[in-house]
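Input: a single structure, listed below in structure tokens.
Values quoted throughout were computed directly from the atomic coordinates according to the rules given, and no laboratory measurement underlies them. Since the structure is predicted, the reported quantities are computational estimates derived from the model, not experimental observations. No Cβ is skipped: glycine too gets one built from the backbone with ideal geometry, and neighbour counts run over all protein chains shown.
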Amino acid sequence: MVAQADIEQFRQANSQLSALVRAELEAFFLSLDLSSPEVARDALLEFLPVLTEQYGAVAATLAADWYEELRGASGAIGRFSAVTAASVPAGAVEAKVRFLASHLWTPEPAAMLGGLLTAADKYVKQPGRDTIAKNAKREGVRYARVPQGSKTCAFCLLLASRDAVYHTKKAAGDLGRGVGDRFHGDCDCAVVPIRKASDYPADYLPDNYYALYKESRKQAGSGDIKDIAAKMRELYPDQITDGHTH
């Protein structure tokens, strides 16, 4: 079994990394002259891709080390050493900066910071998640998205309901191709290799998640993940972090 303590240790390492990124980005943003929108935007276009590449490489290394540790703990013998995935492309980071930069031309330019922090968290953690998936694909190993804490958001619960899947097969089941590999900023879900049934973490309950998903999909009358998640927030407000009753 993959121990929850091991997952939590890995989560904390990533949380500490995210905190460093957040502090560095916030300090840089607060140093900008927001009265000059073009200058501030261009500075962020130069700064954020470098920041996410540097810290993303660290996240990938942490994930590769963790993958090796879990493989050793399971008694498996790998043909290859774990490899790291690439950082999020600079072009994608720059596109996000340009999108959020619209705030700089408003009476509240500092409103851009919140979006930047959320995006940076996602971009820094993504190479670590991709590293687990990449190595699982190389070995033909299944992996699962395991929510952390007693509750998670509707989006993550939906994707966790897919159970452990083979990376080389259709990624998202009936949720749509590629959806299963999506993450949002400030997400602490863990991507956990599952080599055998006994590797399932004790608190990972995909059958329970899937039951909620099926009922939400039925009630929504739609196969669109956004519609299903919205219905789940309505039906099960006490079981997810972003539930609502209106």
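What order do you get for Lys218, Lys125, Lys96 when you list them from fewest to most C-beta neighbours inside 10 Å? Walk me through the intermediate numbers first.
Details: Lys218 11, Lys125 30, Lys96 22.
Ranked by crowding around the Cβ, least crowded first: Lys218, Lys96, Lys125.
Taking the highest mean first, how do the peptides 225-237, 5-17, 127-139 order by number of other beta carbon atoms within 10 angstrom per residue?
Details: 225-237: 18.3, 5-17: 15.6, 127-139: 21.5.
Result, highest mean first: 127-139, 225-237, 5-17.
Can you sort Leu25, Leu212 so the residue with the fewest Cβ neighbours within 10 Å comes first?
Leu212, Leu25
Any lysines with Cα under 22 Å of the Lys226 Cα? List them, leaving off those in the same chain fewer than 8 positions away.
By straight Cα distance, Lys226 reaches Lys96, Lys122, Lys151, Lys170, Lys214, Lys218.
Give the distance, in whole Å, between the Cα centre of the range 222-236 and the Cα centre of the range 90-108.
That distance is 29 Å.
Given an 8 Å cut-off on Cα distances and at least 6 residues of separation, report the relative contact order of the range 1-141 as a percent.
Working: 144 pairs, mean separation 49.1, N = 141.
Result for the range 1-141 is 35 percent.
What per residue convex hull volume, in Å³, comes out for the range 1-141 when only alpha-carbon positions are used?
Working: hull volume 13.8 nm³, N = 141.
Considering the Cα atoms of the range 1-141, their hull volume per residue is 98 Å³.
Based on the alpha-carbon gyration tensor of the range 12-66 and its eigenvalue square roots a ≥ b ≥ c, which shape applies: rounded if a/c is under 1.5, prolate if not and a/b is larger than b/c, or oblate? Before the final figure, lay out each step's value.
Values: a/c = 5.87, a/b = 2.33, b/c = 2.52.
Oblate is the answer for the range 12-66, as a/c is 1.5 or above yet b/c matches or exceeds a/b.
For Cα pairs less than 8 Å apart in space and 6+ apart in sequence, what is the mean separation divided by the residue count of the chain, i.e. the relative contact order in percent?
Details: 343 pairs, mean separation 50.8, N = 246.
Here the relative contact order equals 21 percent.
The list (1) 1, 6, 13, 16, 16, 15, 13, 10, 6, 3, 1, 0; (2) 1, 7, 16, 20, 22, 18, 11, 5, 1, 0; (3) 1, 6, 13, 18, 20, 17, 12, 8, 4, 1, 0 gives values of P(r) over Cα pairs in 5 Å bins from 0, in percent, and only one came from this structure; which label was calculated from it?
(1)
Expressed in nm², what is the orientationally averaged projection area of the convex hull enclosing the Cα positions of the range 75-158? Display every interim value, and only then the final one.
Numbers: hull surface 33.3 nm².
Reported value for the Cα convex hull: 8.3 nm².
Between Ala95 and Leu45, 0.36 nm times their residue separation minus their Cα-Cα distance comes to what? Display every interim value, and only then the final one.
Details: separation 50, 0.36 × 50 = 18.00 nm, distance 0.88 nm.
In short, 17.1 nm is gained.
Just grab the label-to-label distance for Asp186 and Arg138, each label 7 Å out from Cα along the Cβ direction, in nm (one decimal).
Between Asp186 and Arg138, the label points sit 3.5 nm apart.
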